[in-house]
Structure formats: structure tokens, C-alpha cells
Amino acid sequence: MIAPSILSCNFLELGKVIELLNQSEADFIHIDVMDGIFVPNITIGFDIISQIKKVSKKPLDVHLMIHKPERYIDRFIDCGADILTIHYEENTHLHRSILQIKKRNVVAGVAINPHTPVALLKEIFPELDLVLIMSVNPGFGGQEFIESTVSKIVEAKTIIKKNKYKCLIEIDGGVNLKNYKYLIKKGVDILVAGNAIFSSKDILKTITKFKK
Ligand code: DX5
Ligand code: ZN
């Protein structure tokens, strides 16, 4: 599956971008929420997500890169998140937060930074619908893929298969048309791609290439 990250789109034309993605083969629309505290960047908030929800035909994959995300779980779900992913590094009561998301019938994900080991998810894995492996340091689009994160995909896949968990693996950061096949082979279920899609000449064609 492919989730274009609108972080790299032309925000002056956000409405047109969503319409274009509606026509595309994209499975989700990936929305990066940043607060300037957890990451050194500030992006989209509640109102824009609500507006996107009104016109989107694709499910919204909301990636929270914010301090204490548990404060805003319900509000992001009210805005229309279909997948809600919070960071391991920012959550003291992760188990409670995951259950809070699942109670609302929303896909619950946990993201881990490049330096965070998969092993730390051992106890929470049975509860997870999705694990998001960051393959760049979160904060910006257009960064280079960090190769050492590939072994974390393999590790997560092995745990999921061995225990028959129903947990998807999503990879986010530096994904492009050169490395995506390799990442799928390693066990990725959902590719997030921002720059590779929105900097390409033909956005629709690039999404189709990823789907093939
Ligand atoms: C980075 C974000 C990503 C970003 C990916 O913190 O979580 O979703 O948009 O962008 P690319 O694909 O350009 O690396
Ligand atoms: Zn993201």
C-alpha cells in the first residue's frame, strides 16, 4: 500500500492536491502533524485536517509528531483520522493511549525513531494495528533514507509472523522508486512517500509506479 505524504505538496493548492489524490491509486493520505517541540518543525493542525476530511475519498493516515500526544487523541479522531500513529518516545502510558485509539475504532499505530529498538515494543505488540518505522529523523520531508533501519523492518516482521499478530508495518522517510521494492521484500506493508511523489513531474503516474 502507498500513503503519499502531503508534507511535500504545494500547500497553496491543497484542495487540488486532495482531489488529485482522490483520483489516484493511493491507499491513504499521510498527514504529518508537528508541534515544534518533539520535532523542530510546525505543520498541520485540527482545522486543516477537518477540511481535508470533507473532500478526501481516501482514509487519513495521521502521524503525530507532538509532545504528549495523549492530550489530543480524541480531537484528531474527531477531525477524521482513520489511522492514528503516536510516537513511542513521547508516550509514558502507551498502552492506555493505544486502547484509547482502538476504542474509537481507529487503526492504532506506534512510531519509532531511527534510534529506538523494535525490542522495546515487545509488550505492546499484541495491541498494535500498525508499527511505523521512521527511516529518517522525523521533522522534514526530502531527507535521505537511513539504511540501518532496514534491519528493524525484518525484526518487526519476524515478531509479527512468529506470534501471528495482526500488525501492519509502515515505513516513513526517504522512500523512493529506487528503494521501494527492496523495502517491500523486507516486509513493509505501507510505504509513505512525500518528496518522491510531490517532486515528480507526474504525481498520478508516480503513485501508479509505486503500486506496481
Ligand atoms: C518526516 C515525515 C514524513 C515525510 C516523508 O518526519 O514523517 O512523513 O513527509 O517525506 P519523504 O518521503 O520526502 O522523506
Ligand atoms: Zn510521517
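Only the coordinates and a few stated rules stand behind these numbers; no lab work does. Since the model is a prediction, treat every value here as computed from it, not as a measurement. Methodologically, a virtual Cβ is constructed for each residue, glycine included, from the backbone with ideal geometry; neighbour enumeration extends over all protein chains shown.
Leu12 to Ser50: FRET efficiency via 1/(1 + (r/R0)^6), r the Cβ-Cβ distance, R0 25 Å, to the nearest 0.05? Mind dumping the intermediate values first?
Values: r = 19 Å, r/R0 = 0.76.
Efficiency at R0 = 25 Å is approximately 0.85.
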So for R0 = 45 Å, FRET eff. of Leu99-Lys201 from the Cβ-Cβ r, to 0.05, ends up at 0.50
Derived scalar couplings ³J(HN,Hα) [segment 80-94; Karplus, 6.51 cos²θ - 1.76 cosθ + 1.60; whole Hz; x for Gly, Pro]
x, 5, 9, 10, 10, 10, 10, 8, 3, 5, 10, 10, 6, 10, 4
For the chain, modelled as a GNM with alpha-carbon contacts under 10 angstrom, which of Tyr88, Tyr180, Tyr72 fluctuates the most?
Tyr72
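Per DSSP H run of n ≥ 4, the term is -39500 (n - 2.57); total these for the chain, divide by its residue number, and report the mean residue ellipticity at 222 nm rounded to 500 deg cm²/dmol. Please report the intermediate quantities before stating the final value.
On the way: 8 runs with 71 residues, N = 212.
When only DSSP H runs of four or more count, the value is -9500 deg cm²/dmol.
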Starting from the Cα of Lys161, draw a straight line to each of the aspartates and glutamates and keep only those under 12 Å, dropping any in the same chain fewer than 8 residues away.
none
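Compute the Kirkwood hydrodynamic radius of the chain, taking the inverse of the mean of 1/r over all pairs of distinct Cα atoms, and give it in Å to one decimal.
Kirkwood radius, the chain: 17.0 Å.
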Cross-link reach from Lys103 to lysines, straight Cα distance under 20 Å and at least 8 residues apart if same chain, gives Lys68, Lys166
Most mobile of Ser97, Ser200, Ser56 in a GNM of the chain (Cα contacts under 10 Å)
Ser200
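Can you tell me the dipole magnitude for segment 87-212 around its Cα centre, using point charges on the Cβ only (Lys, Arg +1; Asp, Glu -1), in Debye to the nearest 20?
On the way: 20 positive and 12 negative charges, 142 e Å.
Using Cβ point charges on Lys, Arg, Asp and Glu, segment 87-212 gives about 680 debye.
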Diffusion coefficient in µm²/s returned for segment 6-56 by Stokes-Einstein, Kirkwood Rh over C-alpha pairs, 4 °C and 1.567 mPa s, is 110
How much length is gained on full extension from Asn163 to Arg75, taking 0.36 nm per residue of separation minus their Cα-Cα distance?
28.4 nm
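Multiplying the sequence separation of Gln23 and Thr208 by 0.36 nm and subtracting their Cα-Cα distance, what value in nm do you get?
Values: separation 185, 0.36 × 185 = 66.60 nm, distance 1.10 nm.
Net length gain for the segment: 65.5 nm.
Have a look at the DSSP beta bridges in segment 2-211 and tell me what percent are antiparallel, nearest 5. Spell out each step's value before the answer.
On the way: 1 of 31 bridges.
Counting DSSP beta bridges with both partners in segment 2-211, the antiparallel share is about 5 percent.
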Need one number: nm distance between label points at His115 and Ser148, each 7 Å from Cα along Cα→Cβ, rounded to one decimal.
1.0
Which aspartates and glutamates, on any chain, are close to Lys102 with Cα under 14 Å apart, when same-chain ones fewer than 8 places away are left out?
Glu70, Asp74, Asp78, Asp82, Glu127, Asp129
Qualifying GluC sites (Glu not before Pro) for segment 132-185 [loop in DSSP, other Cβ within 10 Å: at most 11]:
Glu144
